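Here the structure comes first, spelled out in structure tokens, and everything after it is commentary.
The values are calculated or read from the model by the stated rules, or taken from the named source; none is laboratory data. Quick caveat, the model's predicted, so the values are computed rather than measured. Cβ coordinates were reconstructed from backbone atoms using ideal geometry, including for glycine residues, and neighbour counts include every protein chain displayed.
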Amino acid sequence: MVDLVNVSLQFGGRYLFRDISYKINAGERIALVGANGAGKTSLLRLISGENHPEDGNIFLQKNINIGYLPQENVIHRGNTIIKEAESALTSIVNLQGKEKELTTLLALCKTDSERDDLVNQLGEVHHRLEELGSFSALSEVERILNGLGFSEEDFERLTDEFSGGWQMRIALAKILISQNDLLLLDEPTNHLDLDSLEWLISFLNQYKGGLLIVSHDKHFVNSVTNKTLEISAGKFFSYKGKYEDYIKWKQAREELAEKQYIQQQKKIKDTEKFIERFRYKATKARQVQSRIKQLEKIELVELPESIEGINLRFPEPPLSGVINVELERIKKSYGSNVIFEDMSFTVERGDKIAFVGPNGAGKTTLAKIIAGELNFESGTKKPGYNTSIAYYAQDVADNLNPELDILETVETVAENQTLGQLRAILGCFLFSGDDVFKKIKVLSGGEKSRVALSKILLTKANLIILDEPTNHLDYNSKLVLQNALVNFKGSLILVSHDIDFLTPIVNKVVEIRKGSLKTFLGGIEDYLYKKRAEENKQDSTKKEAIKESQPAVTKKEQKRLEAELRRRRYELTKDLKSEVSHAELRISKLEKQLKEIELELTKEEIYSNPTTAREKNNEYAGIKQELKGAYSEWESLASKLEKIEKELAL
């Protein structure tokens, strides 16, 4: 589908990659990985056509449709959610426009050959519309919006009313709705909650096109990709396998590179010693020159950059009481929107809690109430003995002093840390070299978030609250933070949907839905297992309800019950089956009428008479519209019938 040939790209005088060739084949599902700044987003922009390479060529398959989701800064204005989403049905809309155009031309053409050609084209358009599922497209739009967390009440709201994270969900919905052959997704999970994340994984696993995904969520990429492409030091490394398998392969590759580096350095030092020893000895002049040329020709082995070996720890937290924070009968609302009513919650010493649930349910609100960042209307909040709280949220970055540089900013909270230790911490969050002297005011939103997060690592608190801390971190930075949190001796609250990040840390999961809290003891994987078990149980509840509501019965009684179930199913479905049959007959009749009119439109006595041709075309358009309604009616009836038969299956 996509062929990169000798592509080069530089940024700020530094080549991100040079003379790179790579091919993306149809249906491939690729995780694009690499450190921040390696060029992942730049590669997506090149393939999407948003940017152009400095050198080389990018060849795209003819008529390929590519959907590109950028990482941020997508805004939708002046449309309702449902209309904005439907605007992504470009292929269907274009084909429907082509259909109207061909119908108009049919009324005007004067030769048999021209008419035959137009009729053939019209047939191809109808076939393509059927392939794209044009009659069920609107229900698919609603399904995708629901899956990404939009309620039916949201559909008629203006896009202008939604915040940045929801704007990105709208953009993601449009990408999924579009009839694309290849999806380029740059950090698609950053603004999703756990429910939407699991839905997206399910959707992409059924998607038949190609995927090229940039994501630092290892659980996500392992679930939806089967090939890994890493950009490192300007080179591409491709691996046929999931990201978790690639990490093992990469580790082995780096260990080999390290051995080769050590051997090469030893050889270079030995050669340099020989040159230095015999440089001025005439009898060795030829050999010395030969060794000098050998050195010049050596292609140096590059030592892989990695910070995985860095083991940072939080300062020793002060000892708190058994209870860190206790909330009793809290009420919190925003205008008429009540988030919590009569809500109670306790954080105990040693708790490492994940807050999960759909966006808007109150995860961040609860975190802010506990942190003391948000007031509430009624109820009480009791801080425990000697509890000290550190709070990180995405918007905390806006409170940094814009006139300080990065190093000065972390120095404001540092106690007893050397300059080298501070630089090591900043290096873990992707600030190295002279980057640490950049003013806060020139940093991007993601960079400010990383500075704020590095300050947390220097804070002596015994209750740390982190709201989506991994959104702007690469894999290595995430690993450093994860290890630090695993070893942290205080209490933690994490608002996050990153399953891989949460797995080794949390010992309790609190699910927040519609103002209610439900606590699950155990880690995030235990929670997911229990949730799936609950969902499976709910799915089987209706089917089992009849059996469970009846006492133990004899075979004779069982047969009677089964006969009763069949009777009920017959009573509930007989009219529906009749309506489905009538709908199918109506569709068949209308399709036959369309074919007859298409045939009539090819006759000279029809198309040569403008009045008759116009009448026939109007009749054709009317029947087509009627057929569209018939398809919709049939789909609704068939869906109801299927649901009843499933619920009352023996």
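Some values worked out for this structure:
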| read-out | value |
| --- | --- |
| Qualifying positions in segment 470-506 - of a type in the set (S, T, N, Q) and more than 19 Å from Pro317 (Cα to Cα) | Thr470, Asn471, Asn476, Ser477, Ser496, Thr503 |
| Evaluation of Arg277 against (1) within 33 Å of the chain's Cα centre (by Cα); (2) assigned to a helix (DSSP H, G or I); (3) of a type in the set (Lys, Arg) (one fails), failing number | (1) |
| Unique match (being more than 28 Å from Gly360 (Cα to Cα) and crowded, with 18+ Cβ neighbours inside 10 Å) among Leu204, Leu212, Leu194, Leu200 | Leu212 |
| Members of segment 121-166 that are at pLDDT below 80, farther than 14 Å from Ile92 by Cα and outside any helix (DSSP H, G or I) | Ser163 |
| Tabulated pairs, segment 308-325, first of a type in the set (Asp, Glu) and at pLDDT 85 or above, second assigned to a loop (DSSP other than H, G, I, E, B) and exposed (fewer than 15 other Cβ atoms within 10 Å of the Cβ), C-beta under 6 angstrom, 6+ apart or interchain | none |
| Single match in Leu366, Leu374 (criterion: outside any loop (DSSP other than H, G, I, E, B) and touching a strand residue (DSSP E or B) at 6+ places or on another chain (Cβ under 8 Å)) | Leu366 |
| Test set (1) exposed (fewer than 13 other Cβ atoms within 10 Å of the Cβ); (2) at pLDDT 80 or above; (3) under 58 Å from the mean Cα position of the chain (by Cα) - Ile268 fails condition number | (1) |
| Segment 431-479: number of residues that are buried (at least 20 other Cβ atoms within 10 Å of the Cβ), touching a helix residue (DSSP H, G or I) at 6+ places or on another chain (Cβ under 7 Å) and among the β-branched types (Val, Ile, Thr) | 4 |
| Residue satisfying condition, being among the basic types (Lys, Arg) and modelled with pLDDT of 70 or more, within set Lys556, Lys574, Lys547 | Lys574 |
| Residues satisfying the stated conditions in segment 1-57, i.e. assigned to a loop (DSSP other than H, G, I, E, B), in contact with a strand residue (DSSP E or B) (Cβ under 8 Å, 6 or more places away or on another chain), crowded, with 16+ Cβ neighbours inside 10 Å and touching a residue at least 60 places away in the same chain (Cβ under 8 Å) | Met1, Glu28, Gly34, Ala35, Ala38, Gly39 |
| All positions within segment 474-507 that are in a strand (DSSP E or B) and either polar (S, T, N, Q) or out of contact with any Phe, Trp or Tyr (no Cβ under 9 Å at 6 or more places or on another chain) (or both) | Ser491, Leu492 |
| Single condition Ser588 does not satisfy, out of (1) part of a helix (DSSP H, G or I); (2) small (Gly, Ala, Ser); (3) modelled with pLDDT under 80 | (3) |
| Count - residues of segment 334-345 that are part of a strand (DSSP E or B) and either exposed (fewer than 15 other Cβ atoms within 10 Å of the Cβ) or not assigned by TED's automatic domain parsing to the domain that holds Phe376 (or both) | 5 |
